[in-house]
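First the structure, in the form of structure tokens, and then the observations on it.
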Amino acid sequence: MVLLVLVVFHCACCVDKLRLTKAHFTGNQLRMNGYYYVHVEGGKYYYPLILYSNGIVMYGGAGTDLESLEREYLDEEWLEHVKNKQTWWGIHQIEGNSIKIEMLYHSNAWFFQAYTKSGKILNDTTFVLTSVERSGKPWTKEEELYRKKYHFRKFSPKPDSTNRFIP
């Protein structure tokens, strides 16, 4: 019993807190009737982010084509599974032409750290993330230049933003 309490306590301490505050987005800087994706140069995978007007962001998985990812977004079983994956949910904030996206990532097998990615909105269908902070501290890996350009893709109906981690 004591071991169980220690394991639960240890795991509860291993989840960083998100620092951004969820706020309803009513602006027109970015379109909300679809999702944004990045296709990393030289890579074969697409990495979508689904932004919601309620301030929530959902990681959209990774795939070699966007059509197969979109089929997953319509699958109820997949959606139920995703609602229980803490690292798939975060918060976005848009102020003027600036965007911040904060999510939890595995920093090792036992710990989830909050990463805040910041950047600029280029137009209502494109934004670029240019910097990363980990748990409120600047990213220190100088060998990795962070620059990810996200493009809009219209999609409906988007998956529901309801999850058990961000009320």
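Bear in mind that the values in this text are calculations on the coordinates, not laboratory data. Here the structure is a predicted model, which is why all the values come from computation and not from measurement. Backbone-built Cβ (ideal geometry, glycine too); neighbour counts: all protein chains shown.
Values computed for the structure shown
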{"quantity": "Eligible lysines near K83 by straight Cα distance, threshold 17 Å, same-chain separation 8 or greater", "calculated": "K158"}
{"quantity": "Segment 28-167: C-alpha gyration tensor shape, a/c 1.5 cut-off, then a/b vs b/c", "calculated": "rounded"}
{"quantity": "Unsatisfied cross-links (Cα-Cα over 23 Å) in the set K85/K117; K17/K149; K85/K149", "calculated": "K17/K149; K85/K149"}
{"quantity": "Residues of type aspartates and glutamates that K44 reaches as a straight line, Cα spacing below 18 Å, ignoring anything fewer than 8 places off in the same chain", "calculated": "D65, E67, E70"}
{"quantity": "Computed E for T64/R134 - FRET, C-beta separation, R0 30 angstrom, nearest 0.05", "calculated": "0.55"}
